[in-house]
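First comes the structure, then the notes that go with it.
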Amino acid sequence: MNNLIDITESFGTLYHPKSALVFYESKGTGKEMYVEHFDMDKNGTPINAHPLTEREAEALAKALHSEKQKENAFLKSGGILPTNILHINPNRDKGAVLWYTKSQKRPLYFIDGLGIPSGQAFVPAMIWQATKNSLRVFALMGNSRPTEKTPLYYAPFFNIYEDGRVCMGSVNINIKNSACVEEFTKAWEDYFFNSYFSHLMGENSPVKGNCVSLWKDLVGTGRTFPTPLLKANNKTLKNLLS
């Protein structure tokens, strides 16, 4: 038990101290400020103290400006706003995005207990509504861009509550404060489809019929999703905007 193993290389991106600033202030009414710059040796010990140079001050200002830009980039578009984006609240703390995706083939993963093989299958068109920490999903009957009057259907998947909230289980959600809207939506779609479906939430099936049988018939077959099996939930897109 006394053998120590260095696992820091497994942590991902590592940041090492490179320099440090010490601010000095004179006493009295006419206070003056003096800034001293230290380099760091390989052990993180301050060395080579010297007054902050103009070049070093410019580098510091540039780094601070870049960080400010990242903070202001949350849910902004990286270019022209994608046409599948329906609504954006860019607030850094309460930001949310509403978007839709057309019917597509995605890899789906199921726990062994469901008896459904994991594999590729077509999923219906979907409505997604997400904040940095939560996700709601619904199904659509067609691929057309939805309007406020477009009816919503229960998403035909496991791990979803009746109100559309997705139970992400032990999935580690990490949406960066600097994520643009394209990164944000892609991250949530990947979190959703790359996690394992495990159980139904509640007593009712989200589809007309048996949900397990539905996906057994679809996975690996290349068949389009049978939209007549979608179950209406008596809501429209407008309900998500209120």
Check your understanding: Mind checking whether some residue in region 189-205 is within 16 Å of Val137 (Cα to Cα) and of a type in the set (Asp, Glu)?
Key -> yes
Point to revise | Residue list for region 100-131, filter: open to solvent by 30 Å² or more (accessible area, probe 1.4 Å) and either part of a loop (DSSP other than H, G, I, E, B) or polar (S, T, N, Q) (or both) | key: Lys102, Ser103, Gln104, Ile111, Gly115, Pro117, Ser118, Gln120, Gln129, Thr131
Exercise for review: For region 139-242, please list each of the helices (runs of 4 or more DSSP H) lying entirely inside it that holds at least 3 residues being open to solvent by less than 20 Å² (accessible area, probe 1.4 Å).
Suggested key: 181-193, 211-218
Review point. Which of the residues that make up region 222-234 are out of contact with any Pro (no Cβ under 8 Å at 6 or more places or on another chain) and modelled with pLDDT of 95 or more?
Key: Arg223, Thr224, Pro226, Pro228
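The values are calculated or read from the model by the stated rules, or taken from the named source; none is laboratory data. All of these numbers come straight from a predicted model, not from anything done at the bench. Counting neighbours? That spans all protein chains shown, and the Cβs are built from the backbone with ideal geometry, glycine included. Side chains are part of the model used for accessible areas, which takes the heavy atoms of the whole protein and leaves out ligands, DNA and RNA. Shrake-Rupley method; radii C 1.70, N 1.55, O 1.52, S 1.80 Å.
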